[in-house]
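To start, the structure under review is shown below, and the notes come after it.
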Amino acid sequence: MAGHVARANPIWKSFSKDVASVIVFQGPQTYITPSWYPSKQAHGKAVPTWNYAVVHAHGLPRAVEDADWLIQHVRQLSDLHESEQAVPWSVSDAPPDYIDTMVKAIVGIEISISTLAGKWKVSQNRPLPDKLGTIAGLHGRGDAASREMAVLVQKHASFKDGS
């Protein structure tokens, strides 16, 4: 895993070279109201909860100050994020001396991942009617995080066995 920070950001000097760091990749998360559950109306045995998806990556970080590594890193990162633009920007669009100046202002951070741990709570503990109510309620909110969570709940809902 690779990234970069501004050279002025002291974080690249503060991590341990001997103790693994933890990087948290936070996916969608949102509040789930029991009002969406048909089971609440049937018997009242329902409480609010929080649905989420998260991954923790563990590994030893290292600071990278090599200009060639940094330019390659910035090129790959820019190409990835610019790929959906109508007219993608490329590192080669800027004058080389300007890019050199910008690269001197950053420090790379590379982490060799030793362990990945993912966890999610996407209403998998609820019966199918409650999952369907959750999906509908999340879509009804209209915000991006709720839509993303609705997709996860639907993807992981079992429609075969009724649970």
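Descriptive notes on the structure:
- First in region 22-34 and touching a residue at least 40 places away in the same chain (Cβ under 8 Å), second anywhere and of a type outside the set (Asp, Glu) and exposed (fewer than 12 other Cβ atoms within 10 Å of the Cβ), Cβ under 7 Å, 6 or more apart: Gln29/Trp50; Ile32/Pro48; Ile32/Trp50; Thr33/Pro48
- In a residue-by-residue description of region 145-162, the property of being of a type in the set (A, V, I, L, M) and in contact with an Asp or Glu (Cβ under 7 Å, 6 or more places away or on another chain) applies to no position.
- The listed residue being in contact (Cβ under 8 Å) with a residue 40 or more places away in the chain, hydrophobic (A, V, I, L, M, F, W, C), more than 27 Å from His156 (Cβ to Cβ) and surrounded by fewer than 14 Cβ atoms within 10 Å (Cβ to Cβ), out of Ala67, Ala105, Ala86, Ala117: Ala105
- Residue ID - surrounded by the most Cβ atoms within 10 Å (Cβ to Cβ), chosen from residues in region 120-145 that are part of a loop (DSSP other than H, G, I, E, B) and of a type in the set (D, E, K, R): Arg126
- Tally, over region 4-23, of residues that are at pLDDT below 95 and either closer than 28 Å to Leu152 by Cα or of a type in the set (Gly, Ala, Ser) (or both): 6
- In the set Trp69, Trp50, Trp89, only one residue is assigned to a strand (DSSP E or B) and at pLDDT 95 or above; that residue is Trp50.
- When region 1-45 is filtered for residues that are exposed (fewer than 10 other Cβ atoms within 10 Å of the Cβ), in a loop (DSSP other than H, G, I, E, B) and among the basic types (Lys, Arg), the ones remaining, listed by number, are Lys17, Lys45.
- Qualifying residue in region 76-83 (condition: touching a residue at least 12 places away in the same chain (Cβ under 8 Å) and assigned to a loop (DSSP other than H, G, I, E, B)): no
- Test for Glu148: is it more than 30 Å from Trp36 (Cα to Cα) and either of a type in the set (Lys, Arg) or surrounded by fewer than 17 Cβ atoms within 10 Å (Cβ to Cβ) (or both): no
- Test: residue in region 30-43 that is within 23 Å of Val151 (Cα to Cα), among the β-branched types (Val, Ile, Thr) and touching a Lys or Arg at 6+ places or on another chain (Cβ under 6 Å): no
The values are calculated or read from the model by the stated rules, or taken from the named source; none is laboratory data. Since this is a predicted model, take the numbers as computed values, not measurements. FYI the Cβ positions are ideal-geometry reconstructions off the backbone, even for glycines, and counts take in every protein chain you see.
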